[in-house]
Amino acid sequence: MEIQRKIYDKLREWKKTTNGKKALLIEGARRIGKSTVAEEFGKKEYKSYILIDFNKTPKKVRDLFDDFTNPDVFFQSLSLEYNTRLYRRESLFIFDEIQKFPKAREMIKYLVADGRYDYLETGSLISIKENVEGITLPSEERKLRMYPLDFEEFASFLGEDLLLEYIADCYTKKVPLERTLHNKAMRLFKEYMLVGGMPQAVKAYIHGDRDFALADIEKRDILNLYRDDIRKAARKYSSRVSAIFENVPAYLSTHEKKVTLSNIEKGATFDKYGDPFFWLDDSMICNLCYRCNDPDVGLALNKNNSYVKCYLGDTGLLVSLAFSENELADTNLYKQIMDGNLSVNQGMLYENAIAQIIAAKGKKLFFYTRYNEEKHRNDIEIDFLLSNESKTKFRIIPIEVKSSKNYSTVSLDKFDNLFSRRISESIIIHPKNLVQMDNMIKIPPYMAFAAL
């Protein structure tokens, strides 16, 4: 059974609305399932399809793209090479790993203009952006970002669609879940944090009778692929990118969770590390969260590029990056996390998971802190800020993530006093059931997909 991905519906919408007038480029990090969903789409939605994997395409196929003077010969040659009959307006070409052969991407302009077939492109995002030198990027190309499995996709693959519907309905009505179902949903969310949303890891976990260790093996393979990408793609500053990447768990384990460059290199500045940060963000390996200096005006307009938190793109990968194989081999560690007894690191996982949920919805990540000169420390710390993205009726939603059942709301209360006229609603994400208050709602993390 294949994992049902939400992006599939967006592919169907693309096919319906563009009617061959636009190709579609699926962007994303490595190993998130781009090729799988593209091929599944070709099988189900077209009479025939041809998948050209540019990782292993023979030279004679590549040569065809260099000589497109006769489209009839071009398509005939591909039909014969892949032993697939083509049908006008009923066949799909999938250009897989397009970053390996930019010439094919440049050809999209002429292929779309020809009008006979539809075209999907997939590839590792950062490599796509870097391998464009000397080619003309096609305006006939639409882009669509893809992410690791979110909590809904994970739960659905485990057969929990009815539970998801119940969670969404409870949020809409602003009522708590029945206690037994709340406990079940919390356990499911913790499973998701430990396993993550990389398809190979999820399948290994499910097919291996929910063995966390089997998922961990797959995740470590993916982390090594990312390390290879960093060494090869970020040549100019690979050591700096690597230093940030490897230290993400260390940053998130601190109280403030912000990146402290002095821990990497003495005298380091954000001017020097700007490109490495952007590389990790562009690659979708990491999600960057910037401090907003003045949320009373706007978030993106007032972000501070030198005050940043760095979350991993997938929380399951963060678990494998944070703990050694020997640590994870000790089943007691899994038990501690599932039972909620690993205080500091559990907070790191919850916050990373919420960052992942926000990013997957296409929203930028921002946070807020205020430094108190008298106390020589921050007296307000808000984990995330969302906005309604309105330019005329701007409203903000402060979000605090709590991994413990016992906590204070001092920061949120102070923030509300400062910006009350601009706040639409405050959200606390905590392990307990839903609680609705005057201008604040407290929700469990499994409900974040419906609330954010």
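The values are calculated or read from the model by the stated rules, or taken from the named source; none is laboratory data. The shown structure was predicted, so the numbers you read here are calculated from the model rather than taken from an experiment. FYI the Cβ positions are ideal-geometry reconstructions off the backbone, even for glycines, and counts take in every protein chain you see. These accessible areas exclude ligands, DNA and RNA; they are computed on the full protein's heavy atoms, side chains included. Shrake-Rupley method; radii C 1.70, N 1.55, O 1.52, S 1.80 Å.
Is there a residue being under 18 Å from the mean Cα position of the chain (by Cα) and not β-branched (Val, Ile, Thr) anywhere in the range 234-242?
Step one: filter the range 234-242 for residues under 18 Å from the mean Cα position of the chain (by Cα), giving none.
No; the residues of the range 234-242 include none that is under 18 Å from the mean Cα position of the chain (by Cα) and not β-branched (Val, Ile, Thr).
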So which pairs qualify, if the first residue must be in the range 61-88 and in contact (Cβ under 8 Å) with a residue 40 or more places away in the chain, the second must be outside any loop (DSSP other than H, G, I, E, B) and open to solvent by 90 Å² or more (accessible area, probe 1.4 Å), the Cβ gap must be under 7 Å, and the two must be at least 6 apart or on different chains? 68/110
Within the range 287-314, the residues that are touching a residue at least 40 places away in the same chain (Cβ under 8 Å) and over 21 Å from residue 381 (Cβ atoms) are 313, 314
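For the range 350-365, give me the residue count where each residue is basic (Lys, Arg) and within 13 Å of residue 290 (Cβ to Cβ). Even if it seems obvious, please write down each step before you answer.
Going through the range 350-365, the residues basic (Lys, Arg) turn out to be 361, 363-364.
Retained after the next criterion (residues that are within 13 Å of residue 290 (Cβ to Cβ)): 363-364.
Result for the range 350-365: 2.
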Of all residues making up the range 331-389, the number that are among the basic types (Lys, Arg) and touching a strand residue (DSSP E or B) at 6+ places or on another chain (Cβ under 6 Å): 1
Of the residues that make up the range 200-209, is at least one under 27 Å from residue 146 (Cβ atoms) and either in contact with a strand residue (DSSP E or B) (Cβ under 8 Å, 6 or more places away or on another chain) or open to solvent by 60 Å² or more (accessible area, probe 1.4 Å) (or both)? yes
Scanning the range 95-125 residue by residue, those of a type outside the set (D, E, K, R), within 18 Å of residue 15 (Cα to Cα), touching a helix residue (DSSP H, G or I) at 6+ places or on another chain (Cβ under 9 Å) and part of a loop (DSSP other than H, G, I, E, B) turn out to be 117
Quick one: which strands (runs of 3 or more DSSP E) sit completely within the range 334-395 and have at least 1 residues that are hydroxyl-bearing (Ser, Thr, Tyr), surrounded by fewer than 22 Cβ atoms within 10 Å (Cβ to Cβ) and out of contact with any Lys or Arg (no Cβ under 9 Å at 6 or more places or on another chain)? none
Inspect the range 411-431 for any residue being surrounded by 14 or more Cβ atoms within 10 Å (Cβ to Cβ), touching a residue at least 60 places away in the same chain (Cβ under 8 Å) and polar (S, T, N, Q) and give the result as yes or no. no
All-but-one check, residue 241 against (1) free of Cβ contacts under 8 Å to residues at least 40 places away in the same chain; (2) open to solvent by 10 Å² or more (accessible area, probe 1.4 Å); (3) closer than 20 Å to residue 352 by Cβ, failing number (2)
Just name the residue that is most open to solvent (accessible area, probe 1.4 Å) out of those in the range 159-186 that are over 20 Å from residue 210 (Cβ atoms) and hydroxyl-bearing (Ser, Thr, Tyr). 172
Examine the range 47-70 for a residue that is among the polar types (S, T, N, Q) and within 22 Å of residue 229 (Cα to Cα), and state whether such a residue exists. yes
